[in-house]
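Remarks on the structure that follows.
The values are calculated or read from the model by the stated rules, or taken from the named source; none is laboratory data. Keep in mind that what you see is a predicted model, and the values were worked out from it rather than measured. Positions of Cβ are generated from backbone atoms using ideal geometry, with glycine treated the same way; all protein chains shown enter the neighbour counts. When the accessible area is computed, the model is the full protein with side chains, heavy atoms only, and any ligands, DNA or RNA have been set aside. Shrake-Rupley method; radii C 1.70, N 1.55, O 1.52, S 1.80 Å.
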Amino acid sequence: MMHGKTKILIIEDDLDIIYVLKEHLELDGFEVFEAETAKKGLKILEEEAPDLILLDLNLPDIDGIKLCKMIRQKSDIPIIMLTARDSLSDKVRGLESGADDYLVKPFEYLEVAARIKACLRRVKRGAPQQEVFEAGAFKIDFNRREVHLNGKSIKLTRKEFDLLKILASHPNEVLSREFLRKELWPGKEIYPWSRALDVHIQRLRQKIEPDPEKPRYIITHPGVGYRFNPEGD
């Protein structure tokens with residue numbers, strides 16, 4: 001048994017939605033915190049350290065996309081975006097801002113519960129055993145989710161680490177964009193023209209490349225995909 005209840009933070013300005021979600025989540029054994037504004041949500045995030053956030057796209061004080069980016073700067077907590085709009089651009093914007101998943105209103109609670117459980121499973125699953133990748137300038141502990149570059153610790157978000165892990169699991173192999181998209185967002189329909197993958201590649205390069213404009217470790221193969229070159233030569 002897990003020690004203590006799993007904490008869910010709902011950041012949503014529709015009180016009816018908060019009420020229904022909270023009632024069902026508490027019946028399922030979750031501890032629920034709610035915030036009708038982004039500001040209150042950030043305060044609860046700091047004080048309670050929830051395990052997952054349900055985040056509305058439209059908030060009265062700060063746009064949900066902007067708030068998601070703010071949270072991602074300091075935390076890799078799973079975030080499921082709630083949106084009243086079903087447009088492709090909203091879904092892509094949500095994923096590009098760092099959300100792990102999205103739900104379109106109106107939604108059934110059973111679907112919410114399934115998405116929450118799937119997100120939490122992915123977080124807890126990690127690597128099945130102790131695995132350490134060591135090559136060139138890199139030491140990557142897949143189990144501890146730690147990255148050292150030239151002996152220096154590099155802090156990555158969860159998605160950035162997941163991307164680096166995929167690349168490092170196939171060193172010096174050219175991985176197609178389609179393969180990377182499916183590995184990063186399993187079960188999600190990410191359209192070929194989405195820039196979500198490019199955004200994560202760019203963010204990862206900012207953290208590991210000596211010169212992100214002239215990458216040595218994550219090499220672009222135009223029209224195909226990317227290759228991880230741990231030697232940097």
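Considering (1) surrounded by fewer than 17 Cβ atoms within 10 Å (Cβ to Cβ); (2) in contact (Cβ under 8 Å) with a residue 24 or more places away in the chain; (3) polar (S, T, N, Q), the lone condition that residue 206 does not fulfil carries the number (2).
Considering the stretch 128-183, the residues that are aliphatic (A, V, I, L, M) and surrounded by fewer than 16 Cβ atoms within 10 Å (Cβ to Cβ) include one that is farthest from residue 205 (Cα to Cα), namely 132.
If you go through the stretch 49-66 one residue at a time, do you hit one that is over 21 Å from the mean Cα position of the chain (by Cα), modelled with pLDDT under 95 and open to solvent by 60 Å² or more (accessible area, probe 1.4 Å)? Scanning the stretch 49-66 turns up at least one residue that is over 21 Å from the mean Cα position of the chain (by Cα), modelled with pLDDT under 95 and open to solvent by 60 Å² or more (accessible area, probe 1.4 Å). Of the residues making up the stretch 23-53, those that are assigned to a loop (DSSP other than H, G, I, E, B), among the acidic types (Asp, Glu) and out of contact with any Ser or Thr (no Cβ under 9 Å at 6 or more places or on another chain) are 28, 36. Look at residue 25 and say whether it is buried (at least 20 other Cβ atoms within 10 Å of the Cβ) and in contact with a helix residue (DSSP H, G or I) (Cβ under 6 Å, 6 or more places away or on another chain). No.
Has the stretch 54-72 got at least one residue that is assigned to a loop (DSSP other than H, G, I, E, B), touching a residue at least 12 places away in the same chain (Cβ under 8 Å), within 19 Å of residue 24 (Cβ to Cβ) and not hydroxyl-bearing (Ser, Thr, Tyr)? Taking every residue of the stretch 54-72 in turn, none turns out to be assigned to a loop (DSSP other than H, G, I, E, B), touching a residue at least 12 places away in the same chain (Cβ under 8 Å), within 19 Å of residue 24 (Cβ to Cβ) and not hydroxyl-bearing (Ser, Thr, Tyr).
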